[in-house]
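Taking it in order: structure first as structure tokens, then the write-up.
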Amino acid sequence: MKTSKKSHVSWKVIGHGKILEFLEMAIVDNTLTSAYLFHGPAKVGKSTVAKQFINAVLCEQTDAPCGSCNGCKSFLNKNHPDVVWVEKSLEQKNIGIDQIREQVIHRHHLRPSFAQYQITVIDQAETLSLEAANSLLKTLEEPSAESIIIIIADSPERLPKTIVSRCQRIEFFTVTTDAIRDFVVAESDTAISKGVIEDISHSANGRPGIAWRFIHVPEEWKTYQDDVLSFVEVINAPLSARFRFVQDLLSAKSFQENVSVAMNALKLWQTVLRSLLLGGYGVESQRLRALDKLSGKKLQFSRGDLASWLGEAYRLRRGLEANLSPKLAVEHFLLLFPSS
Ligand SMILES: [Zn+2]
């Protein structure tokens, strides 16, 4: 069965209005491209938009997605024969060439079974191995009228330029705190206080995926607050305490585990510094309440310092990806802060 011509697409997405308009137009006008690159920060909604976009393409009704036609049902049950979602499992370091051969290349020139298109998503595409990326490139160079490939990546600069240039680029940005606040209110039960709604909305830093976790996994919200507090404490602590902190933080046995702990710590600290920087520019009231609780502490850093530490955190994260020792990275970062 083929899908009928669409006249309207409805979305359940937080923010990203322009992207949704653009994708809806491509579906309605039937001007879909054979390869898309959805890129932008983690947890802003790239996969959510990709799923709803695919669902709308597969839906057999004019007002899509209807949720009840065969196309919608098999997609929602995750057994649509024309859709494949390629991703790295937790144990894998990369998306390997075998996965790309089996799940992408072999299917690429087959006719779709039911829908108008074969649709393939390659999630976390920056983790493609070099061979996998090269073989994917060959597929992108021979587009098929009945195939759509959606590549999702947080950092497109880590993809081969040749892949990026073959795709229609769709850039995602963080969404406004107002949009996140509306989402938090809609998702939360009524028992949640106004203060917590504000805290979560700001702490999510424009990423609906993070707000969702904070609302639905309370331990994550608690851990997040504790981690922010320990960071504020450690950058105000004497140097000896900073070294002890690093020792406790990186207590995992394996190098790789410590790399991921260091990476996550740097990411979190960047969000705290960014909040302070935005606070310094008077942008909304981005200061975290966790920081307010510690207002006795010295958090009046200059914009120049904040910007340079943010840059340093970014540089150290790139270093960690290239085998820099997690201990060196974290120590180096925490020693940037002035000691009294
Ligand atoms: Zn449908």
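The values are calculated or read from the model by the stated rules, or taken from the named source; none is laboratory data. The structure presented is a predicted model; accordingly, all values stated were derived computationally and were not measured. Counting neighbours? That spans all protein chains shown, and the Cβs are built from the backbone with ideal geometry, glycine included.
Cβ-Cβ contacts under 6 Å between residues 6 or more apart (or on different chains), taken from a first residue in the range 246-258 that is surrounded by fewer than 19 Cβ atoms within 10 Å (Cβ to Cβ) to a second residue that is of a type outside the set (Ser, Thr, Tyr) and assigned to a helix (DSSP H, G or I), are listed as Ala252/Asn258. Considering the range 1-118, the qualifying helices (runs of 4 or more DSSP H), each wholly inside and each with 1 or more residues that are more than 16 Å from the ligand (Cβ to nearest atom), run over 17-28, 46-58, 97-100.
Is the range 12-21 home to any residue that is out of contact with any Asp or Glu (no Cβ under 9 Å at 6 or more places or on another chain), in contact (Cβ under 8 Å) with a residue 12 or more places away in the chain and either acidic (Asp, Glu) or outside the structural domain of Thr162 (by TED's automatic domain parsing) (or both)? No.
Pick from the range 160-172 the residues that are of a type in the set (A, V, I, L, M, F, W, C) and part of a helix (DSSP H, G or I): which of them is surrounded by the most Cβ atoms within 10 Å (Cβ to Cβ)?
Our first condition is that a residue be of a type in the set (A, V, I, L, M, F, W, C); within the range 160-172, this holds for 163-164, 167, 170, 172.
Imposing the further condition that a residue be part of a helix (DSSP H, G or I) reduces the set to 163-164.
Working: Ile163: 21, Val164: 16.
That would be Ile163.
Among the residues of the range 320-340, which ones are among the polar types (S, T, N, Q) and over 24 Å from the mean Cα position of the chain (by Cα)? Outline the logic, then answer.
Of the residues in the range 320-340, the ones among the polar types (S, T, N, Q) are 323, 325, 339-340.
Passing the criteria: Ser325, Ser339, Ser340.
Being assigned to a helix (DSSP H, G or I) and either hydrophobic (A, V, I, L, M, F, W, C) or in contact with a strand residue (DSSP E or B) (Cβ under 7 Å, 6 or more places away or on another chain) (or both) is the filter here; which residues of the range 225-248 pass it? Can you show your working first?
In the first step, residues of the range 225-248 are kept if they are assigned to a helix (DSSP H, G or I); the result is 225-235, 239-248.
Within the range 225-248, Val228, Leu229, Phe231, Val232, Val234, Ile235, Leu239, Ala241, Phe243, Phe245, Val246 qualify.
For the range 119-134, enumerate the residues that are polar (S, T, N, Q) and part of a loop (DSSP other than H, G, I, E, B). Spell out the reasoning first.
Residues of the range 119-134 that are polar (S, T, N, Q), as a first pass: 120, 124, 127, 129, 134.
Correct list: Gln124, Ser129.
Any residue in the range 92-117 that's under 22 Å from Ser74 (Cβ atoms): show its pairings with residues that are of a type in the set (Lys, Arg) and in a loop (DSSP other than H, G, I, E, B) at Cβ separation under 7 Å, as long as the two are six or more apart or on different chains. Once the first residue is under 22 Å from Ser74 (Cβ atoms) and sits in the range 92-117, its partners that are of a type in the set (Lys, Arg) and in a loop (DSSP other than H, G, I, E, B) give Gln116/Lys2. None of Val185, Val196, Val175 is crowded, with 21+ Cβ neighbours inside 10 Å and either at pLDDT below 95 or part of a loop (DSSP other than H, G, I, E, B) (or both) except Val175.
Please enumerate the residues belonging to the range 138-157 that are assigned to a helix (DSSP H, G or I) and either buried (at least 17 other Cβ atoms within 10 Å of the Cβ) or among the polar types (S, T, N, Q) (or both).
Start the filter on the range 138-157 by keeping residues that are assigned to a helix (DSSP H, G or I), which leaves 138-141, 156-157.
Answer for the range 138-157, where residues must be assigned to a helix (DSSP H, G or I) and either buried (at least 17 other Cβ atoms within 10 Å of the Cβ) or among the polar types (S, T, N, Q) (or both): Thr139, Leu140, Pro156.
Taken over the range 87-131, residues that are among the hydroxyl-bearing types (Ser, Thr, Tyr) and more than 25 Å from Lys5 (Cα to Cα) amount to 3. I'm trying to understand the selection: among the residues of the range 66-98, which are out of contact with any helix residue (DSSP H, G or I) (no Cβ under 7 Å at 6 or more places or on another chain) and of a type in the set (Lys, Arg)? Matches in the range 66-98: Lys73, Lys78, Lys93.
In the set (1) at pLDDT 95 or above; (2) in contact with a Ser or Thr (Cβ under 8 Å, 6 or more places away or on another chain), Ala50 fails one condition alone, (2). Going by what's in this entry, would Ile180 be described as touching a helix residue (DSSP H, G or I) at 6+ places or on another chain (Cβ under 8 Å), in contact (Cβ under 8 Å) with a residue 24 or more places away in the chain and either among the aliphatic types (A, V, I, L, M) or over 28 Å from Leu278 (Cα atoms) (or both)? Spelling it out, Ile180 is indeed touching a helix residue (DSSP H, G or I) at 6+ places or on another chain (Cβ under 8 Å), in contact (Cβ under 8 Å) with a residue 24 or more places away in the chain and either among the aliphatic types (A, V, I, L, M) or over 28 Å from Leu278 (Cα atoms) (or both). Taking the conditions exactly as written (surrounded by 14 or more Cβ atoms within 10 Å (Cβ to Cβ) and modelled with pLDDT under 95), does Thr120 satisfy them or not? Spelling it out, it is not the case that Thr120 is surrounded by 14 or more Cβ atoms within 10 Å (Cβ to Cβ) and modelled with pLDDT under 95.
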